[in-house]
Each structure stands twice: as structure tokens, then as C-alpha cells.
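Heads up, the thing below is written out as C-alpha cells.
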Amino acid sequence: MTDVPSRKADTGRPYHTEATGDALITVKNHQKDEDITLFGGCFCPFVQRVWVAFEVLGIPYKYYEVDPYKKPKELLEVSPKGLVPGLRLNRYTPPRSLNESTVILEYLEDLAATTTKRSILPLITNPYARGLLRLQADHVNRYLVPAFYRYLQAQTEEKQIEGGTEFHDSLEGLVALLERAEREILEPGGASGEGELQALRKGLGLWVPGEQDLGWADIMAGPWLFRAKVVLTHYRGFQLPQGERVKAWLDRLFEHPAFKATCSTEQLYLDSYERYAFNRPNTSMVAKAINEGRALP
Ligand SMILES: N[C@@H](CCC(=O)N[C@@H](CS)C(=O)NCC(=O)O)C(=O)O
């Protein structure tokens with residue numbers, strides 16, 4: 001699973017600045033002015049998690065592609081460090097804004113509660129179930145996401161093996177948390193009755209038979225899992241876990257209409273992540289933080 005492939009050469013490909021494939025269709029369908037403008041970057045996984053949430057929750061938005069490395073003034077107005085994603089909230093005069101993908105996800109979940117009436121988290125009447133899902137998200141942000149970059153940026157064979165093990169372990173850790181939520185909620189005593197049980201099944205662990213909904217952790221982690229499949233496989237010879245239930249979970253995640261609608265073609269990611277795979281200087285603020293052993297921006 002963590003074989004070190006023969007070294008490929010850095011071909012100097014630049015990152016993309018326009019979505020391709022299904023994501024491009026979605027971009028084109030979201031060019032009309034709306035109350036919310038999503039400032040996005042086509043290759044960015046932090047953007048994709050927010051974008052998937054917009055689609056799942058059915059909240060209207062205008063998608064606006066920016067190059068976060070060029071940090072245009074309008075991006076800095078909505079996101080102080082010039083990072084995507086950012087939201088411009090056009091209902092306010094002057095417009096207000098929000099940044100940070102995890103904060104934006106919570107905002108969209110709260111907004112949907114009174115507008116589209118859709119939700120990604122379990123009902124507020126079951127705080128424990130919500131806590132279990134937030135535990136998964138916390139794991140994703142603290143372990144899985146940094147492990148992805150450490151692995152991809154590792155240049156020596158030793159560091160790549162170490163990075164592969166770390167990423168694999170973080171994935172196993174997430175699976176264990178998904179299984180824990182599934183066990184504790186679906187087994188007798190987990191829900192107050194049949195009605196609540198049916199509601200809680202949604203998005204709990206994607207392999208719950210018959211369930212197709214994305215869960216909170218799927219949205220938090222999905223973009224990196226997809227990039228692991230495409231980018232880590234190509235540049236590091238990584239293989240996603242092949243266990244039947246994990247595979248079923250990942251297949252359903254990658255095939256989910258809201259997820260697919262935000263995915264560009266694989267080539268876009270291979271091109272855009274070459275910079276990381278060869279740890280080119282000045283790649284990004286994330287890459288710099290990883291190289292310096294600091295927390296991600
Ligand atoms: N903590 C931020 C991270 C966002 C982030 O790092 N976005 C990258 C693109 S994937 C970016 O805007 N990079 C610009 C730069 O490095 O200058 C979040 O969760 O929204």
C-alpha cells in the first residue's frame with residue numbers, strides 16, 4: 001500500500017485556474033447573482049467540501065473562481081489571508097463575509113435549518129450523535145488532512161514510507177470512528193425509537209445498507225480521499241484500503257451526485273498537485289506550513 005514508485009520527473013506543470021468536467025458544468029450553472037457568492041479555486045479540497053455542502057443542502061450560490069495564489073483584492077476582502085474558500089454575503093450592505101471551510105460548513109448547516117430545511121448533521125435533539133460526527137470531523141482536520149500533505153510532499157524514500165504509513169493510519173482512524181458511530185447509534189439503545197433511528201441512519205456510515213446520503217465526515221474528508229485516489233496513487237503508489245465495507249463507502253462517496261458535481265477531471269488534479277509532489281518552492285501556504293512543521297493556515 002505504501003510502495004515507493006520509481007521517481008517520476010517534475011514536468012513543471014502549473015495548477016489549473018478553471019474547473020473541468022462535471023465541476024465546470026456546475027460552475028456554469030451557478031453564474032447568476034445570488035445572496036451568497038462562493039469564492040473558489042477549482043483544485044482546492046477546502047473549497048470542495050464547502051461546495052459539496054451547498055449542493056447537498058440546496059442553498060443557492062454564485063460560484064466565482066479566483067486564483068488564491070494571486071490574492072486579488074476582492075478575495076482579500078472576504079478572506080483575510082487570501083485563502084479560498086470564502087463567502088461574500090451579498091444581503092448585507094455593505095456585503096459581509098465568512099472564511100475557513102469548517103466555519104463555512106457550520107454556517108451553511110445553520111442557514112439550511114431555517115431555509116431549505118435540509119441538514120447534514122443528525123437532529124439537534126440527539127446531541128450525542130452529533131458529537132460522534134464532530135469527533136470524526138475533528139480527526140479529519142487534525143490528522144488526515146496534514147498527513148495527506150506530509151505524504152505528498154515527502155521527497156526521500158524514508159519520508160515517503162513514513163508519510164504513507166501516517167496517512168494510512170489516519171484513514172484507519174477515521175474508519176474506526178465511523179464504525180463506532182454506526183455501532184453506538186444503530187445498535188439497541190442508540191436511538192429513542194424507530195423514527196429517530198431511521199433519521200439517524202442517514203449519513204452515519206456510508207455503508208449502512210440502503211443509505212446513500214453523505215455524512216458530515218464524508219463532506220469533511222471526501223475531497224482528500226478523492227485526491228488520495230487520484231494524486232497519491234499516481235505520485236506515491238498509494239492504494240486506498242480494499243476492505244469490502246470501506247470500498248463500498250468510498251465508491252458511494254465518489255459516486256454521490258453532489259460530490260461528482262464538484263469534481264473536475266482527474267488530469268486537473270494530477271497537473272495541479274505536481275507542485276506538491278515535487279515539493280517545489282513557494283507552492284502554497286499549506287505546503288510551507290508542512291515543510292516548517294507548523295499548523296496549517
Ligand atoms: N484553513 C483554510 C485553508 C484554505 C486553503 O489553504 N486554501 C488554499 C487552496 S487549497 C489557498 O487558498 N491557498 C492560497 C495560498 O497558499 O496562498 C480553510 O479551511 O478554508
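The values are calculated or read from the model by the stated rules, or taken from the named source; none is laboratory data. Given the structure is predicted, the values throughout are model-derived calculations rather than measurements. Here the Cβ is made from the backbone with ideal geometry for all residues, glycine too, and neighbour counts use every protein chain on show. The protein model used for the area step is the full one, side chains on, heavy atoms only, and it has no ligands, DNA or RNA in it. Shrake-Rupley method; radii C 1.70, N 1.55, O 1.52, S 1.80 Å.
Find out how many positive minus negative residues lie around Gly203, taking Lys and Arg as positive, Asp and Glu as negative, among other residues whose Cβ is under 9 Å from that of Gly203. Don't skip to the answer; put the middle values down first.
Numbers: positive: Arg201, Lys202; negative: Glu211, Asp213, Asp218.
Net of charged neighbours comes to -1.
Once you list every other residue whose beta carbon is under 14 Å from the beta carbon of Leu186, what net charge do they have if Lys and Arg are +1 and Asp and Glu are -1?
On the way: positive: Arg180, Arg183, Arg201, Lys202, Arg245; negative: Glu179, Glu182, Glu184, Glu187, Glu194, Glu196, Glu211.
Net charge in that neighbourhood comes out at -2.
About the Cα centre of the range 127-291, how large is the charge dipole given +1 on each Lys and Arg Cβ and -1 on each Asp and Glu Cβ? Please answer in debye to the nearest 20. The partial results should precede the final answer.
Working: 19 positive and 22 negative charges, 107 e Å.
In total the dipole reaches around 520 debye.
Would you compute, from DSSP H runs of 4+ residues alone, the mean residue ellipticity of the chain at 222 nm, taking -39500 (n - 2.57) per run and dividing by the full residue count, rounded to the nearest 500? Don't jump to the answer; show the numbers that get you there.
On the way: 15 runs with 151 residues, N = 297.
After summing the helix terms and dividing by the residues of the chain, the value is -15000 deg cm²/dmol.
Need one word for the range 21-114: rounded, prolate or oblate. Basis is the Cα gyration tensor (sqrt eigenvalues a ≥ b ≥ c); a/c below 1.5 gives rounded, then a/b vs b/c decides.
Numbers: a/c = 1.34, a/b = 1.07, b/c = 1.26.
Rounded.
Need the C-alpha centroid separation for the range 262-297 versus the range 182-223, integer Å.
Cα centroid to Cα centroid, the span is 33 Å.
Select from Ile219, Ile161, Ile124 the residue whose mean-square fluctuation is largest in a Gaussian network model of the chain (Cα-Cα springs shorter than 10 Å).
Highest fluctuation among the options: Ile124.
Can you list the HN-Hα couplings for the range 180-193, worked out from phi with the Karplus curve (6.51, -1.76, 1.60; θ = phi - 60°), rounded to whole Hz and with x for Gly and Pro?
Ordered by residue, 3J(HN,Hα) equals 5, 5, 4, 5, 5, 9, 7, 6, x, x, x, 10, 7, x Hz.
What is the distance in Å between the Cα centroid of the range 91-133 and that of the range 68-82?
If you average the Cα positions of each part, the centres end up 23 Å apart.
Once neighbouring chains are kept in place and the probe is 1.4 Å, which whole percent of the accessible area of the chain is contributed by carbon and sulfur? It would help to have the intermediate numbers written out before the result.
Values: 7340 of 13680 Å².
About 54 percent, which is the carbon plus sulfur part of the accessible surface.
How far apart, in nanometres, would the label points at Glu244 and Arg294 be if each is projected 7 angstrom from Cα along the Cα-to-Cβ direction?
4.8
Excluding the sites themselves, what is the longest stretch of the chain that contains no chymotrypsin sites (Phe, Trp or Tyr not before Pro) in a DSSP loop with at most 16 other C-beta atoms within 10 Å? Please list the in-between numbers first.
On the way: sites that count: Tyr69, Tyr92.
Looking at the chain, 93-297 is the longest stretch - no exposed chymotrypsin sites (Phe, Trp or Tyr not before Pro) with at most 16 other Cβ atoms within 10 Å.
How much FRET efficiency would the formula 1/(1 + (r/R0)^6) give for Glu179 and Arg142, where r is the Cβ-Cβ distance and R0 is 22 Å, rounded to 0.05?
0.70
Across the range 106-116, in residue order, what do the Karplus-derived ³J(HN,Hα) couplings come to in whole Hz, using 6.51 cos²θ - 1.76 cosθ + 1.60 with θ = phi - 60° and x for Gly and Pro?
So the Karplus estimates, Gly and Pro as x, are 5, 4, 5, 4, 5, 5, 5, 4, 10, 10, 7 Hz.
Taking θ as phi - 60°, what are the ³J(HN,Hα) couplings along the range 226-239 by the Karplus curve (6.51, -1.76, 1.60), each to the nearest whole Hz, with x for Gly and Pro?
Calculated HN-Hα couplings, in order: 5, 5, 5, 4, 8, 7, 5, 4, 5, 8, 10, x, 6, 10 Hz.
Quick check: from the Cα gyration tensor, does the chain come out rounded (a/c under 1.5), prolate or oblate?
oblate
How do 24-35, 188-199 rank on mean C-beta neighbours within 10 Å, highest first? Before the final figure, lay out each step's value.
Values: 24-35: 13.9, 188-199: 12.0.
Descending packing order for the listed peptides: 24-35, 188-199.
Note down the nm distance, to one decimal, between modelled labels 7 Å out along Cα→Cβ at Lys81 and at Thr165.
2.9
Just the accessible area per residue of the chain, please: how many Å² with a 1.4 Å probe? The partial results should precede the final answer.
Values: 13680 Å² over 297 residues.
Value returned for the chain: 46 Å² of accessible area per residue.
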